[in-house]
Amino acid sequence: MAKGNPRKNSEDTSSVLGLKQTTQKEMTPPGTRASLLAALALVVAVCVVPLTAQISASGLSHHKHISLKMDEAILTVNNELDTEVVVTWVSERCFQCLYQQLGVLPAGPAPGRPSSASFVVSTQHEMTLQLNSTKESCTVPFHFGEQGNYSLWVKNLNNSSVINCSVVTDAEPVNSYIPILVAFLVLAGLAIASAIGTKIFGLDVVKGFLFRISGSMETERLINSELGSPGRTVSLVADNILPPAPSPSKRLRSLDTFRGLSLVIMVFVNYGGGRYWFFRHESWNGLTVADLVFPWFVFMMGTSIALSINSLLRAGSTRRSLLRKVVWRSVQLFVIGVFVVNPNYCQGPLSWDNLRIPGVLQRLAWSYLAVACLDLLVARGHLDILPAEAWWSPGVDILLYWPAWLCVLLLETVWLCLTFLLPVPDCPTGYLGPGGIGDMGLYANCTGGAAALIDRWLLGESHVYQTPSSRVIYATRVPYDPEGVLGSINSVLMAFLGLQAGKIILHYRDLHKCIMSRFLTWGLLLGVISAILTKCSTDHGLIPVNKNLWSLSYVTTLACFAYVLLVLVYYAVDVKGWWSGAPFYYPGMNSILVYVGHEVFKDYFPFRWRMANSQSHGEHLAQNLVATSCWILISYVLYRKKIFWKI
């Protein structure tokens, strides 16, 4: 999610791009047991991850005079030519970008004595280096390793005018992925141990042995007290053997589990994700792990809307009263969101001069309001049993709600028209690019095209996000908000596709095969639409997958993933009962509290502390795992005490 604190998110662009001249100073129920084991896994990972990072970095002692940060390496360029050489570079992830100057090396002072200069280069992605002299030029694609030391030699090949460029590794890089590998192995190992333990404790022999032990302990306690007798103990043991009464609740655990899974990943990436690039938002087109979770959360919100409105209508609530509740809840979400993305409220009243208006909760509020109102217009309180042999029965979950579908299609038409037809001053009509150095620098101030123009017109430039992710690779300089006005139309579409999942559950209730086949059908359909829109490429499609724009292909792609994952979770949790949903089930039951809490308290202990080495992936990963596990434990305690924050 995009954060609202410019102080925390703004970075020196040259450092972010990774290129700068070097200076010298630089018995428990299965669900409970699973949740506790998951927390233990995170704690063990926290203890092991920093140690592995220290071991990995131990081989760099001979380069202590060079101060490198995470995802950086040293490149020394040696020029043996008798002419000046200009060194430029471009990131492999930067589409149609201008080469950026790295430095200029003068001619060597004498034959066999090259001129040289050292630079700090980024190790996140592969880059292409280009060396130009007055005679020839050469190009070197290379992926540098973190904390590595490299030399690039520029010389004439066999005393000819042809330039030869070669990279030599002077000091091997560290493996920065060892901490995350160790954390994964620890989590996987304890998950397997939890599953085996659950099976063992479920055996009748083990159950009988535990009951006999608990019975003898209870008997001894009662004999040594004045509260009862051994005869009473037998009665208590017999009561314990009786199975618990079935819960009357029909709530699907898979929905809360999927919501909780999305929320836990969201919290982890918001806290930093160990500062790995794939746990950060993509600079422009494409997807990383951080780009997946917010749309899934919106999707599950739509599913919950369908089920809750149907339940309330069946209980006798009127549509007018429900509409008032929907509006009031949306206002609350929006106001809370404004405070969350403007953390300077702790220092006094919010200032309107630089108040950011859009945000994650604000988009949730808008999506909830629009989709809930649409559903209230067409929702049925009592679902009649419809004949399965009718020709229209396979589409009953769509045909019965055609007015809502028509409204959503009209909204999507509005998005397409505004995106591709609205004139944007000094920019091409229908521009979907990042601006900056992208598109060969021709549209440097056109970041986001029509979406940015609408935000500036409706909200003002000072009230949107000032440090977008496009600055990282594309070096953009204009503000752009990934939760802006135009993209909110497609967030409604995402929530409505989630609402469709809820309608499937309602109309095909208790028919597991029908529900899962419908989910897979929708996943396939949305996947085909995404393939057509993107041409199965990152940058060359009609509408690329883009989280900053919340493009149409972004919604269809993430909705496709959501339907497929929902099938897997639904089958494992609600159909087969293989998994209780723990530990993700608990934050899924208290999602608003966890999201708001993790944003408000992110800078306080135990969610953050002073690190011994702030440039270590291992220490950042340990800190972020602790912070995330704390919120899982908090949600578990609140669940046990039946405390749920509803607005």
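The values are calculated or read from the model by the stated rules, or taken from the named source; none is laboratory data. Computed from a prediction, not measured in an experiment: that's the story for all the values here. Positions of Cβ are generated from backbone atoms using ideal geometry, with glycine treated the same way; all protein chains shown enter the neighbour counts. These area figures cover heavy atoms from the full protein model, side chains too; ligands, DNA and RNA do not enter into them. Shrake-Rupley method; radii C 1.70, N 1.55, O 1.52, S 1.80 Å.
Tell me, yes or no, whether the stretch 475-484 has at least one residue that is closer than 25 Å to PHE258 by Cα and surrounded by 24 or more Cβ atoms within 10 Å (Cβ to Cβ).
First, the residues of the stretch 475-484 that are closer than 25 Å to PHE258 by Cα: 482-483.
Narrowing the set further to residues that are surrounded by 24 or more Cβ atoms within 10 Å (Cβ to Cβ) leaves 482-483.
Yes, because at least one residue in the stretch 475-484 is closer than 25 Å to PHE258 by Cα and surrounded by 24 or more Cβ atoms within 10 Å (Cβ to Cβ).
So which strands (runs of 3 or more DSSP E) are wholly in the stretch 95-171 and hold at least 1 residues that are of a type in the set (Ser, Thr, Tyr) and over 32 Å from the mean Cα position of the chain (by Cα)? Show your work before the answer.
On the way: elements: 100-105, 115-122, 127-132, 137-142, 149-156, 163-171.
Correct list: 115-122, 137-142, 149-156, 163-171.
In the stretch 531-647, which helices (runs of 4 or more DSSP H) lie fully inside it and hold 3 or more residues that are in contact with a Pro (Cβ under 9 Å, 6 or more places away or on another chain)? Lay out the reasoning, then the answer.
Working: elements: 552-570, 585-589, 591-600, 617-640.
By residue number, 552-570, 591-600, 617-640.
Table: residues versus (1) in contact with a Gly (Cβ under 7 Å, 6 or more places away or on another chain); (2) surrounded by 24 or more Cβ atoms within 10 Å (Cβ to Cβ); (3) outside any helix (DSSP H, G or I).
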position: LEU255; (1), (2), (3): no, yes, no
position: SER283; (1), (2), (3): no, yes, yes
position: LEU307; (1), (2), (3): yes, no, no
position: SER311; (1), (2), (3): no, no, no
position: GLN332; (1), (2), (3): no, no, no
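Please work out which one of (1) crowded, with 24+ Cβ neighbours inside 10 Å; (2) among the aromatic types (Phe, Trp, Tyr); (3) more than 24 Å from the chain's Cα centre (by Cα) is the condition TRP550 fails and give its number.
Going through the list (1) crowded, with 24+ Cβ neighbours inside 10 Å; (2) among the aromatic types (Phe, Trp, Tyr); (3) more than 24 Å from the chain's Cα centre (by Cα), TRP550 breaks only (3).
Quickly run through the stretch 560-588 and pick out the residues that are within 12 Å of ASP256 (Cβ to Cβ) and either open to solvent by 30 Å² or more (accessible area, probe 1.4 Å) or touching a strand residue (DSSP E or B) at 6+ places or on another chain (Cβ under 9 Å) (or both).
Listed by number, the residues that qualify are ASP574, SER580, PHE584.
List the residue pairs whose Cβ atoms are under 7 Å apart, where the first residue sits in the stretch 182-199 and is closer than 19 Å to LEU210 by Cβ, the second is open to solvent by less than 30 Å² (accessible area, probe 1.4 Å) and in a helix (DSSP H, G or I), and the two are 6 or more positions apart or on different chains.
Close Cβ pairs (under 7 Å, with a partner that is open to solvent by less than 30 Å² (accessible area, probe 1.4 Å) and in a helix (DSSP H, G or I)) amount to SER194/ALA34.
Tell me, which helices (runs of 4 or more DSSP H) lie completely within the stretch 383-468 with 1 or more residues that are more than 30 Å from LEU355 (Cβ to Cβ), open to solvent by less than 60 Å² (accessible area, probe 1.4 Å) and at pLDDT below 95?
Details: elements: 396-399, 402-421, 450-458.
In the stretch 383-468, the matching helices (runs of 4 or more DSSP H) lie at 396-399, 402-421.
Quick check: is even one residue across the stretch 157-164 closer than 30 Å to VAL86 by Cβ, surrounded by fewer than 16 Cβ atoms within 10 Å (Cβ to Cβ), modelled with pLDDT under 75 and among the aliphatic types (A, V, I, L, M)?
Going residue by residue through the stretch 157-164, those that are closer than 30 Å to VAL86 by Cβ are 157-164.
Right, trim to surrounded by fewer than 16 Cβ atoms within 10 Å (Cβ to Cβ) and you get 157-162, 164.
Add one more test, that the residue is modelled with pLDDT under 75, and what stays is 157-161.
From what's left, among the aliphatic types (A, V, I, L, M): 157.
Looking for residues that are closer than 30 Å to VAL86 by Cβ, surrounded by fewer than 16 Cβ atoms within 10 Å (Cβ to Cβ), modelled with pLDDT under 75 and among the aliphatic types (A, V, I, L, M), one finds at least one in the stretch 157-164, hence yes.
Kindly list, by first and then second residue, each pair from a residue in the stretch 125-151 that is at positive phi to a residue that is crowded, with 16+ Cβ neighbours inside 10 Å, limited to pairs with Cβ atoms under 6 Å and residues at least 6 apart or on different chains.
Every condition considered, the pairs that remain are GLN147/LEU60; GLN147/LEU68; GLN147/PRO173; GLN147/VAL174.
From the list ARG363, ARG380, ARG356, which one is among the basic types (Lys, Arg), closer than 28 Å to LEU307 by Cβ and open to solvent by less than 30 Å² (accessible area, probe 1.4 Å)? Quick ask: steps written out before the conclusion?
Working: ARG380 fails: open to solvent by less than 30 Å² (accessible area, probe 1.4 Å); ARG356 fails: closer than 28 Å to LEU307 by Cβ.
Exactly one of ARG363, ARG380, ARG356 is among the basic types (Lys, Arg), closer than 28 Å to LEU307 by Cβ and open to solvent by less than 30 Å² (accessible area, probe 1.4 Å), namely ARG363.
Within the stretch 602-612, is there a residue that is touching a helix residue (DSSP H, G or I) at 6+ places or on another chain (Cβ under 7 Å), farther than 23 Å from GLY273 by Cβ and open to solvent by 30 Å² or more (accessible area, probe 1.4 Å)?
no
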